[in-house]
Amino acid sequence: RFAFFAKKMAKANMDDQHRNSFHYAEFDINRIVAEAAANLQQVAMVHQVQLQLQLQPGILPVYLDEQVTYQLMYKLLSNVIRLSDVGSTVKIVSGVVGTDVVITCKTTGNLIGQAKLDEIFNRLQQAATGDRDLTEVKGLGLSIARQLTEKMGGHLHYESNDAHGNAFTVQFPGA
C-alpha cells in the first residue's frame, strides 16, 4: 500500500496539472468508508479496538478518484486503529458541513498529543528534506494521505485535546 501512495505522490508532484494524475468520478463516499472499515475489522480485533460506524443516512456524493479515496480511508483508519489504546473504540462519523463532505475518526482512551501528531504528519516532509533516513521513518501513511487529500482538493485535519480526544477529519467538496 505504501508503494501505491508513493507512486501516486511522485506522479502527482511531476504533473503541474495534478488533476490529470487522478481518475475523477462521482461516487458515494459512505460506501468507500464502510468498505475500508469492513476490511479492517480483523486488524481492529487483533489490536482489541472496536470500530463503530455512524454514517449519515443516504448517499454522500463526492467527485474524486475512487481508488485513491479508498486507499486514503484505509490508511487513515488503519493508522487510527494502530494509534488507539487496547479496549478503545474508534468512531467513524460521516456528514455534511455546508457543501463539504466530512469524515471524522475519533478515538477514545489516552490522548496522543498535538505535538506527537504534528511529528507523525510531518514525517514525509522530514524524509524528503533528509532530516531522517527514509528506512527509519515509520508512519508515513498519514503524511502521504494528507498530501493526496490536498492534491484532490480536500483537507485532512487532526487534533488531540481534552475537549475532542483524538480526532482525524477528512473534508472534501461534495459533488
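The values are calculated or read from the model by the stated rules, or taken from the named source; none is laboratory data. Because the structure is a prediction, the values reported are computed rather than measured. All Cβ positions, glycine included, derive from the backbone under ideal geometry; neighbour counts span all protein chains shown. For accessibility, only protein heavy atoms count, side chains too; no ligands or nucleic acids. Shrake-Rupley method; radii C 1.70, N 1.55, O 1.52, S 1.80 Å.
A few comments on the model shown:
- In the stretch 131-163, of all residues being at pLDDT below 70 and over 16 Å from Y74 (Cα atoms), the one that is least open to solvent (accessible area, probe 1.4 Å) corresponds to V137.
- Test: residue in the stretch 119-128 that is closer than 30 Å to A175 by Cα, modelled with pLDDT of 55 or more and assigned to a helix (DSSP H, G or I): yes
- Qualifying residue in the stretch 7-25 (condition: under 16 Å from G154 (Cα atoms), modelled with pLDDT of 90 or more and of a type in the set (A, V, I, L, M, F, W, C)): yes
- Hey, V93 part of a strand (DSSP E or B), touching a residue at least 24 places away in the same chain (Cβ under 8 Å) and surrounded by fewer than 21 Cβ atoms within 10 Å (Cβ to Cβ) or not: yes
- Output for the stretch 54-89, where each listed residue is open to solvent by less than 80 Å² (accessible area, probe 1.4 Å), in a strand (DSSP E or B) and not hydroxyl-bearing (S, T, Y): P61, V62, L64, D65
- Only one entry of Q56, Q67, Q50, Q42 meets the criterion of being modelled with pLDDT of 90 or more, of a type outside the set (F, W, Y), touching a helix residue (DSSP H, G or I) at 6+ places or on another chain (Cβ under 8 Å) and more than 18 Å from D100 (Cα to Cα), and that entry is Q50.
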